[in-house]
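The values are calculated or read from the model by the stated rules, or taken from the named source; none is laboratory data. As the structure is a prediction and not an experimental result, all values here were calculated from the model. Using ideal geometry, Cβ is built from the backbone for each residue, glycine included, and neighbour counts are taken over all protein chains shown. Surface accessibility is based on the protein's heavy atoms, side chains included, excluding ligands, DNA and RNA. Shrake-Rupley method; radii C 1.70, N 1.55, O 1.52, S 1.80 Å.
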Amino acid sequence: MEEPKHPDSHRGRGRRKPREPAQASLPLPPLDSPPPRPSLPVFAPAAPTATPAPDAAPARPASPAAETMTLSLEGMHCASCVATIERALSAVPGVAAASVNLATARAEVSGTGLVSERLLEAVRGSGYEASVAATETADAAPDTRAQKESRDLLRRVLVSAALTVPVLVVSMGGIEFPGKDLLLFALTLPVYAWGGRPFLTGMVRTLQHRTANMDTLVGLGTTAAFLLSTGVALFPRALARAQAHGSYFEAVGVIVTLLLLGRWLETRARGRTSAAVRRLLDLSPKKARVLRNGREVEIPLSEVVVGDRLWVKPGDAIPVDAVVLSGESSVDESMLTGESIPASRVPGDRVMGGTLNQQGLLEVRAAAVGRDTALAQIVRLVERAQASKPALARLADKIAGIFVPAVLAIAVVAWVAWYVLGPEPRALRATVVLASVLLIACPCALGLATPTAILVGTGRAATRGILFRNAEALERARRLRTIVLDKTGTVTEGRPRLTDRVLIDAQGEDPLALAAAVEKGSAHPLAAALVAAAEKDGRRLPPVESFESRAGLGVVGIVGGRRVAVGSARLLEGEAIDVSRLVEDATRFSGEGKTPIFVAVDGKAAALLAVADPEKPSSAEAVRQLRATGRRVVLLTGDKEETARAVASRVGIDEVVAEVAPAEKAARISRLQAAGDAVAMVGDGVNDAPALAQADVGIAIGAGSDVAVEASDVTLVGGDLRSVAEALEISAATVRAIRQNLLLAFVYNVVGIPIAAGVLYPVTGWLLSPMLASAAMAASSISVVSNSLRLARRERA
């Protein structure tokens, strides 16, 4: 990446872009230890520190004036419920957009000047219940509403089944005895009135508000069958004259029981679709060991404050985001980053709450707690993505908005046609057809088709360290054909390292120790690489008696009475030092993309050191995976052409665009888009933000700057470039599941409604019973949810 030269930069040293520290948006208390290394991501928004290029596309985050409010909803069961609530919320003044998610029973409302009471009143006015959703953090108590609903439905299923079995045996077995119909009525009444209460109350509520949904169809269908059967039982002679013989009590009981069973199974399955978020929430322990007044005390996690010192024992989860004060250990971050190899953590390193301390005892200082932890922010990003909708979902919602009224019209037309033209007993057959049409047409499968797949897809991605900003990004990712990669910090590690040493005249001294001693006074990244290498080797750095920086050439200092020069060949030539013996090696290092650094002691060339920003171990495999899918991979960097091509060659990239100024990156992305391909930009720096925003899908490396993360559509928490290919695979699999779900939902309705209406009766004599219609409706919902759950079982590509 292009970077303005540091005053003491060495001519010829590899240029490196400035990187925003990963903890920039998360101030830390003063520490008596080295500053933390930016090795872990922080997702809190930060104000941009660099001005985007004039031709750069605006960043995607909403303007500061925009507000977002989340509502928790009750009473939703189908796609038409979703459409009804979205229409009601969109009509509230100040609302710019409203997105309702059937699978999570939540509404995400955005706009300006939002008033919660107005929003709640709009939902209630449409026939549903709502409340402002509690803010979930990593230490929040789990929501038990779904569990209560599941237990209530199970009770209704068991009681209804127990009462329906004798009704079914008597009716289907042809058993006759005095008062038979009255007994069947007595057994079926509690099934209809208590077991079917969720459907009946929903029907009444929608009729009161002049809307319609699944409950309307089920309630009208079962009510029609029950009232006709009750008339046969209580007024047999009058109904006989109306040519309505026999009863359908067994149909009512079986229908209600099957529908309750289907809803119970659906509730359990929907609960499993959000299991990834619950697993993330469960990562944080409930308590923490804190040092207070010199004593170790165990307190609830909610009482931990920034600045607290905590002990984390081997095998314990780290309670909050913190900085290591003492101790060394390996930390398992796989649940947050997807990286299976434990990360080494030493004093000064940052650790994330919810990760697992494996070996050593750590003393840490709390840096972020509650909603400010990386884990809590990851959960919020996942939930935001799950609440959003891709284009396929919006199409399904539009269809559902007109589907229920159309079904009601079809049911009425079918009833009239059978009552006027059908065979005897006309009234009974017409009512059976009416009930069958209403029951089989329930659009719950249509409403679950998209959100369940989004829930499972984004949840699976989150467990692999891949965070999608919204469902649109998830949908767009599968269409990407060109993947543009930044170099520094994306393909490479972003931290220069000493790679090679050539010694020619050490004069009894350690050239690396002397060079590092002088370079310790420089702020250049390459100087830091030499100091780090010397300290890693355990070398003692002697004191520097004088220090002089030569702009663009290097540095000169006196160490132990010896004059040491460290820098480019021009620096030594200016000191009249012969470097001819090192030129060949320097040329070779440059061809390999490394930066040669010459070291001279007392006017004689002593050594040649090579520093490079090494490629990440995963980069070559990541490029291979992307190219295996037929996608084009391009390296876009501000670094020198020679260095960029050397890096590209080692990782398997053929196309290189080098020496591009930060302000020009977005324009380069725009040119690639003009060729007709959907383009992804993968980067991590402040100066990558305009290009990330310009791309069809911006993918930020999680260890990069907050500006890059905020401008992106996808964040790779662990920084593993292989996650790009996995994100594309998850995107394709999720969209494929959505399409399969919509096909399943439409097939059930398109094929089932005509059969239920009796269009095949004149030819085949087939007439779908309400019991089979209700079973088919329940089966459609379960099949859709089950198909979505397959996404969670897919192996990593």
Kindly indicate whether residue 238 is modelled with pLDDT under 85, among the aliphatic types (A, V, I, L, M) and either open to solvent by less than 40 Å² (accessible area, probe 1.4 Å) or over 26 Å from residue 102 (Cα atoms) (or both).
yes
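If you take the residues of the range 639-676 that are part of a helix (DSSP H, G or I) and among the acidic types (Asp, Glu), which of them is farthest from the chain's Cα centre (by Cα)? Reasoning before the result, please.
Narrowing the range 639-676 to residues part of a helix (DSSP H, G or I): 641-651, 662-674.
If we keep only those that are among the acidic types (Asp, Glu) too, we end up with 641-642, 664.
On the way: 641: 36, 642: 38, 664: 30 Å.
If we take residues in the range 639-676 being part of a helix (DSSP H, G or I) and among the acidic types (Asp, Glu), then 642 is farthest from the chain's Cα centre (by Cα).
One line per residue, one yes/no per condition, for (1) in contact (Cβ under 8 Å) with a residue 24 or more places away in the chain; (2) more than 30 Å from residue 423 (Cβ to Cβ); (3) buried (at least 23 other Cβ atoms within 10 Å of the Cβ):
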position: 725; (1), (2), (3): yes, yes, no
position: 734; (1), (2), (3): yes, yes, yes
position: 740; (1), (2), (3): yes, yes, no
position: 748; (1), (2), (3): yes, no, yes
position: 756; (1), (2), (3): yes, no, yes
position: 759; (1), (2), (3): no, no, no
position: 771; (1), (2), (3): yes, no, no
Might you let me know whether the range 314-333 holds any residue that is at pLDDT below 85, acidic (Asp, Glu) and open to solvent by 30 Å² or more (accessible area, probe 1.4 Å)?
yes
Residues in the range 594-612: is at least one of a type outside the set (S, T, N, Q), at positive phi, in a loop (DSSP other than H, G, I, E, B) and surrounded by 23 or more Cβ atoms within 10 Å (Cβ to Cβ)?
no
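Going by the structure shown, is residue 435 over 30 Å from residue 616 (Cα atoms), open to solvent by less than 10 Å² (accessible area, probe 1.4 Å), in contact (Cβ under 8 Å) with a residue 40 or more places away in the chain and out of contact with any Ser or Thr (no Cβ under 6 Å at 6 or more places or on another chain)? Lay out the reasoning, then the answer.
Working: over 30 Å from residue 616 (Cα atoms): yes; open to solvent by less than 10 Å² (accessible area, probe 1.4 Å): yes; in contact (Cβ under 8 Å) with a residue 40 or more places away in the chain: yes; out of contact with any Ser or Thr (no Cβ under 6 Å at 6 or more places or on another chain): yes.
Answer is yes for this residue.
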Looking at (1) buried (at least 20 other Cβ atoms within 10 Å of the Cβ); (2) at pLDDT below 85; (3) of a type in the set (Gly, Ala, Ser), can you tell me which one residue 473 breaks?
(2)
Filter the range 161-175 down to residues that are modelled with pLDDT under 85 and open to solvent by 80 Å² or more (accessible area, probe 1.4 Å), then give me how many there are.
1
Selection from the range 191-227 of residues farther than 15 Å from residue 260 by Cα, in a helix (DSSP H, G or I), in contact with a helix residue (DSSP H, G or I) (Cβ under 9 Å, 6 or more places away or on another chain) and open to solvent by 30 Å² or more (accessible area, probe 1.4 Å) yields 204, 205, 207, 220, 227
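Going by what's in this entry, would residue 554 be described as within 47 Å of the chain's Cα centre (by Cα) and either buried (at least 16 other Cβ atoms within 10 Å of the Cβ) or in contact (Cβ under 8 Å) with a residue 12 or more places away in the chain (or both)? Even if it seems obvious, please write down each step before you answer.
Numbers: within 47 Å of the chain's Cα centre (by Cα): yes; either buried (at least 16 other Cβ atoms within 10 Å of the Cβ) or in contact (Cβ under 8 Å) with a residue 12 or more places away in the chain (or both): yes.
Yes: the conditions hold for residue 554.
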Going through the range 61-82 in order, the residues found to be at pLDDT below 75 and under 18 Å from residue 112 (Cβ atoms) are 61, 62, 63, 64, 65, 66
Number of the exception - residue 344 against (1) assigned to a strand (DSSP E or B); (2) of a type outside the set (A, V, I, L, M); (3) open to solvent by less than 40 Å² (accessible area, probe 1.4 Å); (4) modelled with pLDDT under 85:
(3)
Matching residues, the range 613-638, being open to solvent by less than 10 Å² (accessible area, probe 1.4 Å) and over 25 Å from the mean Cα position of the chain (by Cα):
634, 635, 636, 637, 638
Could you list, in sequence order, the residues of the range 686-717 that are at pLDDT below 65, closer than 16 Å to residue 637 by Cα and hydrophobic (A, V, I, L, M, F, W, C)?
686, 708
